[in-house]
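Novice: Quick one: the structure is below, questions incoming.
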Amino acid sequence: SAVAAVIPAAGRGVRLGPGAPKALRALGGTPMLIHAVRAMAASRAVSLVVVVAPPDGAAEVRSLLDAHALPERTDFLVVPGGASRQESVRLGLAALPPGHDIVLVHDAARPLVPVDTVDAVIEAVRDGAPAVVPALPLADTVKQVEPAPAPGDPEPVVATPDRSRLRAVQTPQGFDRATLVRAHETVTGDVTDDASMVEQLGQPVVAVPGHEEAFKVTRPLDLVLAEAVLARRRL
Ligand code: CTP
Ligand code: MG
């Protein structure tokens, strides 16, 4: 069945610091969003990419797509996004034409995900999982804390979950389309990824191996790493 990718790219990028919306910032001279679009279109299974642009930036994103070389076999749509990632993904899903039964949701802020990771996610959905996440083991030990009495005060540690059972989750996350649409229609409240909405429906979610290069560009140091990864690829 046909695969569509929805790319939420409507965020400001507050943690990256002042400047253009994060997805439009340059990486190796090319907007981060274009890298992310190419990463999805690199999979031969993906026949449609829906880019969810900053709310006032849909025309700019459309001209960026027109100005960069992209695979001919892939169609591209641009829609304006919303105030939260969740809302942006919902707007992207609403723009999907019929005929794509598998949907990937991929952060524009993960420009360097390798195509093998994209294909592994698609394959797991094709094998019957309604929701699939690429995931990696954690390097750091994770502590659960109580909120500090005042900002900057020490935070009491209350628990240390078993690290061997924890995973850091990336994108693209892959879904049976009907399941993802139902999750976005049903689940309210704040979430930080799409798979957690499917979990709330009581549907199974499985993890497949993620990739170090699928890291999210969030803070200034991530941009330094992304430039280095790109330079290494171009050797
Ligand atoms: N996103 C979106 N619409 C929003 C907020 C986020 O489409 N209203 C997208 C971002 O563009 C990004 C992805 O969701 O590709 C992951 O979000 P994140 O890394 O948090 O990006 P920002 O929200 O832009 O960054 P920050 O939280 O630092 O402001
Ligand atoms: Mg954010």
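Novice: If each of L136 and R73 carries a label point 7 Å out from its Cα toward its Cβ, how far apart are those two points in nm?
Specialist: 2.9 nm
Novice: On to the next question. I'd like to know how the stretch 98-172 sits against the 2.2 N^0.38 Å rule of thumb: what's its Cα Rg over that expected value?
Specialist: Rounded to two decimals, the normalised Rg is 1.56.
Novice: In addition: Can you check what the net charge comes to around P55, using other residues whose Cβ is under 11 Å from the Cβ of P55 (Lys, Arg +1; Asp, Glu -1)?
Specialist: -1
Novice: Let me ask something else about it. How much length is gained if the chain between D56 and E146 is pulled fully straight, taking 0.36 nm per residue apart and subtracting their Cα-Cα distance, in nm to one decimal?
Specialist: 28.5 nm
Novice: Here is a follow-up. Cβ neighbours within 10 Å, averaged per peptide: list 181-194, 118-131 in order, most packed at the top.
Specialist: Values: 181-194: 15.2, 118-131: 19.4.
Going by the mean number of other Cβ atoms within 10 Å, highest first, we get 118-131, 181-194.
Novice: Identify, among A59, L91, A26, the residue whose Cα sits farthest towards the positive end of the charge dipole of the chain, taking +1 on the Cβ of Lys and Arg and -1 on the Cβ of Asp and Glu, with the dipole about the Cα centre.
Specialist: A26
Novice: Roughly how many debye, to the nearest 20, is the charge dipole of the chain about its Cα centre, given +1 on each Lys and Arg Cβ, -1 on each Asp and Glu Cβ, and no other charges?
Specialist: Roughly 480 debye, rounded to the nearest 20.
Novice: L138: net charge of surrounding residues, Cβ under 13 Å, Lys/Arg +1, Asp/Glu -1, itself excluded? Write down the numbers at each step before the final one.
Specialist: Numbers: positive: K143, R163, R165, R167; negative: D140, D162, E212.
Its environment carries a net charge of +1.
Novice: P(r) of the chain in 10 Å steps, Cα pairs, percent per bin?
Specialist: The percentages, shortest bin first, are 8, 31, 37, 19, 5, 0.
Novice: Would you mind working out the magnitude of the charge dipole of the stretch 22-156 relative to its Cα centre, with +1 at each Lys and Arg C-beta and -1 at each Asp and Glu C-beta, to the nearest 20 Debye?
Specialist: Details: 11 positive and 16 negative charges, 61 e Å.
Computed charge dipole of the stretch 22-156: roughly 300 debye.
Bear in mind these aren't lab numbers, they're just calculated from the coordinates by the rules spelled out. Keep in mind the model is a prediction, meaning the values are calculated, not measured. Neighbour counts are summed over all protein chains in view; Cβ atoms, including those assigned to glycine, are modelled from backbone coordinates with ideal geometry.
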